[in-house]
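Everything on this sheet refers to the single structure shown next.
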Amino acid sequence: MPKVTYIEFNGTEHLVEVDKGLSIMEGAVQNNIPGIDADCGGSCACATCHIYVDDDWIDKLPEQSDAEKDMLDFAFETKASSRLSCQIFVDENLNGIVVSLPEKQG
Amino acid sequence: MIKTDAVIIGAGPVGLFTVFELGILGLNAHVVDNLDKAGGQCIELYPDKPIYDIPALPICTGESLTKNLLEQIKPFKTTFHLNQRVDSITKKDKHWIVETSDKTVFETPNIIIAGGVGSFEPRKPPIKGIERFEQHNLFYSVKNKKLFDKQNVCIFGGGDSALDWVIELSKTAKKVFLVHRRDEFRAAQHTVNQMMKLKDEGKIELYTNYQPKDFTGESKIEKVIIENDKKETKELKVDSVLAFFGLKMELGPIVNWGLNLDNKAIIVNTENFQTNEEGIFAVGDICTYPGKLKLILCGFHEAALAAQECFKRAKPDEKYVFRFTTSSSDIHKRLGIK
């Protein structure tokens, strides 16, 4: 099962296994990782599952949709590495991915 | 003080259908919502996104669903109290006194919370201590555009609200700055074109790929400092700032009402969707129980069951009889069918 590392804003790391096909957001919610709110439940309609993707992994991700880019306008302190975690689905290619959580959502 | 059979908090799809379910039982309801229109998340977050799982509607949008629900409840001539939020509730014998942020007061045996993920509040720029400016020259909406006459106004955002106000205020303000975090804009294309034309004519100053870094000043913002991806900063001297970063959802005062909560959701029973307080119900995305799914169709079911208990509380002396809409002459009368 692919492994995902979530790093909270305070530096706490969580290494968890996430089922293939689930989103990075769902992986966080299922493992009770604080810092991802996911208010809209994963329909790319809020911006409360905002993450920063580790530099080594950015190029391995599928392109952002226009909807995700639009939604990121609403995220707190976006950077070039900002993504919405409900739009990134875990598969073997992403085994080992590292993502950091922002200071707050929304 | 308005006396009513039920106060519904939230005018999203489930709140609207609650009006219907109460209405066919002969109960009237008042609806309170913090947005300026009915529809809730459906209208605010995804008016154009197709929805495929409403029974008997193979496809609809947030907007069309809202429109149809408003049509369905038309016979009940419901009063909507928009742009206000329920701030407090207090118990009075078997009833509740409900007070909104606009000081509208209700007395009712039933409160039905259909609040989704909470009320929509403006999202604020990520700068510490900006509350001190909010009384003076930092705004999240325009209430009186004359305020900005002959001013240097800095507008943040890339959606329709931001660009519409850039265009409008460029006619009367001394100078308008528009700051947005990327080159693309969410606003309608013709609005973007209009804004770009103003920029080319030198009527506004546009800063893309910049985000707010700091606002300086004592009680009024005097300077806005913006920063781009390369950490380059710029200072803009301003008289006022308008930030259009959209809305976010917050549970708000609901957390103070003594209801049992589980991670931002209100715990209800599945018999009548009552909370731990008698006469307070929660339906739709805001309620939780074993097996809960955050689907509009589940909210409709929850509303129908909650309405039965509301009837018993609003009309304790009347006998409740279950009726189908196909055959009940009472229901037909309530729906205005002759």
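The values are calculated or read from the model by the stated rules, or taken from the named source; none is laboratory data. These numbers were taken from a predicted model, which means no experiment stands behind them. Glycine also receives a Cβ, built like all others from the backbone with ideal geometry; neighbour counts cover every protein chain displayed.
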Report summary line: Scanning the stretch A:70-98 for residues that are within 14 Å of chain B (Cβ to nearest Cβ) and either surrounded by fewer than 16 Cβ atoms within 10 Å (Cβ to Cβ) or in a loop (DSSP other than H, G, I, E, B) (or both) gives A:D73, A:F74, A:A75, A:F76, A:E77, A:T78, A:K79, A:A80, A:S81
Report task. Please give the number of the condition B:H180 fails out of (1) closer than 30 Å to B:R313 by Cβ; (2) touching a residue at least 12 places away in the same chain (Cβ under 8 Å). Result -> (1)
Requested in this report: Within the stretch B:22-52, count every residue that is acidic (D, E), surrounded by fewer than 20 Cβ atoms within 10 Å (Cβ to Cβ) and within 25 Å of B:E107 (Cα to Cα).
Outcome: 1
Query - When residues of the stretch B:227-244 are limited to those that are surrounded by 15 or more Cβ atoms within 10 Å (Cβ to Cβ) and touching a residue at least 60 places away in the same chain (Cβ under 8 Å), the one farthest from the other protein chains (Cβ to nearest Cβ) - result: B:D239
Report task. Determine whether the stretch A:59-69 contains at least one residue that is in contact with a Phe, Trp or Tyr (Cβ under 9 Å, 6 or more places away or on another chain) and at the interface with chain B (Cβ under 10 Å from one of its Cβ atoms). Result -> no
Report task. List the strands (runs of 3 or more DSSP E) that sit entirely inside the stretch B:230-270 and contain at least 1 residues that are hydroxyl-bearing (S, T, Y). Result -> B:233-237, B:240-243
Report summary line: Exactly one of B:Q211, B:Q194 is farther than 30 Å from B:D285 by Cβ, within 14 Å of another protein chain (Cβ to nearest Cβ) and polar (S, T, N, Q), and that one is B:Q211
Query raised in the report: What are the residues in the stretch B:173-191 that are among the basic types (K, R), crowded, with 17+ Cβ neighbours inside 10 Å and either more than 13 Å from chain A (Cβ to nearest Cβ) or touching a Leu at 6+ places or on another chain (Cβ under 6 Å) (or both), if any?
Result: B:K175
Requested in this report: Please find, within the stretch B:245-268, the residue that is farthest from the other protein chains (Cβ to nearest Cβ) out of those that are crowded, with 23+ Cβ neighbours inside 10 Å and among the aliphatic types (A, V, I, L, M).
Outcome: B:V268
**Report entry** Members of the stretch B:144-179 that are among the basic types (K, R) and assigned to a helix (DSSP H, G or I)
**Finding:** B:K145, B:K146
Query raised in the report: Among the residues of the stretch B:101-118, which ones are more than 14 Å from the chain's Cα centre (by Cα), part of a strand (DSSP E or B) and crowded, with 21+ Cβ neighbours inside 10 Å?
Result: B:F106, B:T108, B:I111, B:I112
Report summary line: Residues of the stretch B:1-40 being basic (K, R) and assigned to a strand (DSSP E or B), in sequence order, are B:K3
Query raised in the report: Looking only at the stretch B:46-94, which residues are in a helix (DSSP H, G or I) and free of Cβ contacts under 8 Å to residues at least 12 places away in the same chain?
Result: B:S64, B:K67, B:N68, B:E71, B:K74
Requested in this report: Mind listing whichever residues of the stretch A:44-53 are in contact with a helix residue (DSSP H, G or I) (Cβ under 9 Å, 6 or more places away or on another chain), assigned to a loop (DSSP other than H, G, I, E, B) and either at the interface with chain B (Cβ under 7 Å from one of its Cβ atoms) or within 11 Å of A:F74 (Cβ to Cβ) (or both)?
Outcome: A:A45, A:C46, A:A47
Query raised in the report: Quick one: is A:Q64 modelled with pLDDT under 95, closer than 18 Å to B:R181 by Cβ and surrounded by fewer than 20 Cβ atoms within 10 Å (Cβ to Cβ)?
Result: yes
Query raised in the report: Any idea which of (1) among the aliphatic types (A, V, I, L, M); (2) at pLDDT below 95; (3) in a strand (DSSP E or B) is the one B:I43 doesn't satisfy?
Result: (3)
Report summary line: Residues of the stretch A:54-69 being of a type outside the set (A, V, I, L, M, F, W, C) and in a helix (DSSP H, G or I), in sequence order, are A:D55, A:D56, A:D66, A:E68, A:K69
Query - the stretch A:61-87 residues that are without any contact (Cβ under 8 Å) to a residue 24 or more places away in the chain, paired with ones that are assigned to a loop (DSSP other than H, G, I, E, B) (beta carbon under 8 Å, 6 or more apart) - result: A:S65/A:C44; A:A67/A:C44; A:K69/B:R182; A:K69/B:E184; A:D70/B:R186; A:A80/B:D229
Query raised in the report: Mind checking which residues of the stretch B:116-165 are free of Cβ contacts under 8 Å to residues at least 40 places away in the same chain and within 14 Å of chain A (Cβ to nearest Cβ)?
Result: B:K128, B:G158, B:D160, B:L163
**Report entry** Criterion violated by B:E121 - all others in (1) under 25 Å from B:F17 (Cβ atoms); (2) assigned to a helix (DSSP H, G or I) satisfied
**Finding:** (2)
Query raised in the report: Identify, please: which residue in the stretch A:1-30 is over 30 Å from B:E44 (Cβ atoms) and polar (S, T, N, Q) and is, among those, surrounded by the most Cβ atoms within 10 Å (Cβ to Cβ)?
Result: A:T5
